[in-house]
1. Helix-only estimate, please: 222 nm mean residue ellipticity of the chain, summing -39500 (n - 2.57) across DSSP H runs of length 4 or more and dividing by its residues, to the nearest 500.
2. With a 1.4 Å probe and all protein chains in place, put E64, E124, E156 in order of accessible area, largest first.
3. Hey, what do the phi angles of segment 8-14 turn into as Karplus ³J(HN,Hα) couplings, whole Hz, using 6.51/-1.76/1.60 and θ = phi - 60°, x for Gly and Pro?
4. Per residue, how much accessible area does segment 1-105 have with a 1.4 Å probe, in Å²?
5. Classify the chain as rounded, prolate or oblate from the Cα gyration tensor: take a ≥ b ≥ c as the square roots of its eigenvalues, call it rounded if a/c is under 1.5, otherwise prolate when a/b beats b/c and oblate if not.
6. Take K166, K160, K93, K125 and sort them by solvent-accessible surface of the protein heavy atoms, 1.4 Å probe, largest at the top.
7. Which percent of the accessible area of the chain is formed by carbon and sulfur heavy atoms (probe 1.4 angstrom)?
8. With a cut-off of at most 15 other beta carbons within 10 Å, and DSSP calling the residue loop, which chymotrypsin sites (Phe, Trp or Tyr not before Pro) in segment 1-103 qualify? Please list them.
Amino acid sequence: LLFPCAYLLFCVPMTFLDSLTFPLQVMATITSTGLLNGLGLPCIRSGTYVSLQAENGFHFEVGEGCSGIRSMVALMALTAAYGFLTQKGAWRKWVLFLSSVPIAIVCNVVRITTVGLVAAAYGEKFALNIYHDYSGYIVFTVAILLMLSVSHLLAEDPRKRWQQCKRALTSHISPSS
């Protein structure tokens with residue numbers, strides 16, 4: 001009963017996480033700006049604002065809602081339940097659960113970066129209205145697929161995989177006559 005009772009904590013408003021919102025906004029803005037510059041789309045960051053130096057001079061803010069905190073909590077809850085039901089051993093469950101944090105952060109950065117890319121390619125109106133509103137579903141689906149991949153890797157027995165690799169290598173190497 002320990003896990004189901006602990007899982008109920010996800011039902012409690014986690015207002016203490018509000019203090020993470022601004023640092024996540026800034027980190028996502030810095031990382032996205034760096035990625036956009038690295039991809040050849042010159043941009044400048046000012047706080048949580050990103051100014052694309054493209055021909056249309058598009059500017060957008062990484063707001064509190066774009067900090068990724070809500071998707072992080074949702075992915076943590078989903079990962080906790082999935083890990084509890086599918087993983088054997090406490091360490092695997094914890095590794096899967098803790099992996100949800102970097103997965104959520106990376107997916108949020110990718111979403112912000114792609115908003116900038118879409119704005120440069122198709123314009124501000126499309127990027128902020130259509131793409132921004134629906135890209136969250138796509139990115140969260142990718143986050144779930146990444147979580148499933150980590151789960152699959154954790155479920156494998158590395159000793160069995162090593163033995164399979166050794167057998168495959170030795171079967172291909174035959175002594176020369």
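1. Taken over the chain, the calculation gives -22000 deg cm²/dmol.
2. E64, E124, E156
3. 5, 4, 5, 7, 7, x, 9
4. Using a 1.4 Å probe on heavy atoms only, each residue of segment 1-105 averages 59 Å².
5. Oblate shape, in that a/c is at least 1.5 and b/c is the bigger or equal ratio.
6. So, going from the largest accessible area down, we get K125, K160, K166, K93.
7. Carbon and sulfur atoms account for 68 percent of the accessible area of the chain.
8. none
The values are calculated or read from the model by the stated rules, or taken from the named source; none is laboratory data. Computed from a prediction, not measured in an experiment: that's the story for all the values here. FYI the Cβ positions are ideal-geometry reconstructions off the backbone, even for glycines, and counts take in every protein chain you see. For accessibility, only protein heavy atoms count, side chains too; no ligands or nucleic acids. Shrake-Rupley method; radii C 1.70, N 1.55, O 1.52, S 1.80 Å.
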